[in-house]
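Take a look at the structure below.
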Ligand SMILES: Nc1ncnc2c1ncn2[C@@H]1O[C@H](COP(=O)(O)OP(=O)(O)OP(=O)(O)O)[C@@H](O)[C@H]1O
């Protein structure tokens, strides 16, 4: 099975103020194979978001190896990193970050617009197909803000899948939802994982949902526990 993600001894330090350097991640090792469905847990402040930002190529580690689809990301410049991020990683956040002036369909088209070069008809057809998959085809022309929290998060899932990513990173995707909507959103991600073989890394504080993942990795004080 292909290795989608590999981290070896990832460290991250922040410069707070002037000379003081604080290390937040102290050497993280993690590997994910294609099709993995993994829960990342840990107390508040343990470094989960920092780790997710590094894996999502939004921030660089201070040291250590980060490979995505076998590519050592340290060898890439910023433009190549942006391209790799756009084409291989999908993001789902706790707050959906949909653009309120856009319809559901336009929001799902966003990653393809950013990637550039996709004909409008192709983007629209793909977005409609994905909205259909998340059960929102009737809502495609609705303004995203007129939807319920669970529906908005389903639009965000469709948007994360727009570029058919190998890896989806979800930072507390059900954190803002009631139990029933959280369960539905989680189940949708699980089904997509099974159907498409998309790899999911999900940060969650919810033990019940984490138990339904294939694997749980816990980070405590910047280390894998
Ligand atoms: N840009 C930054 N500059 C300085 N310190 C930071 C920065 N980002 C995060 N930290 C520190 O890194 C540590 C880990 O934070 P992080 O947000 O990764 O934790 P977390 O596990 O995601 O927490 P939560 O579950 O509350 O979201 C914290 O002590 C935080 O204050």
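List of remarks:
- Order of 209, 161, 51 under a 10 Å beta carbon neighbour criterion, fewest first: 209, 161, 51
- Cα-based shape type of segment 154-225, given that a ≥ b ≥ c are square roots of the gyration tensor eigenvalues and the cut on a/c is 1.5: oblate
- Order of 103, 22, 62 under a 10 Å beta carbon neighbour criterion, fewest first: 22, 62, 103
- Shape of segment 49-103 from the C-alpha gyration tensor: prolate (a/c of 1.5 or more and a/b above b/c, with a ≥ b ≥ c the square roots of its eigenvalues).
- Relative contact order %, segment 130-225, counting alpha carbon pairs below 8 Å whose residues are six or more apart: 24
- Average Cα contact separation per residue, the chain, under 8 Å, 6 or more apart, as relative contact order %: 30
- Each label point was placed 7 Å from the Cα along the Cα-to-Cβ direction; for residue 113 and residue 143 their separation is 1.6 nm.
- 194, 140, 154, 11 arranged by Cβ crowding within 10 Å, fewest neighbours leading: 194, 11, 140, 154
- Cα gyration tensor, segment 77-225 - rounded (a/c under 1.5), prolate or oblate: oblate
Since every read-out is calculated from the coordinates, none of them should be taken as a lab result. What you see is a predicted model; the values in this text were computed from it and never measured. Cβ atoms come from the backbone with ideal geometry, glycine included; neighbour counts cover every protein chain shown.
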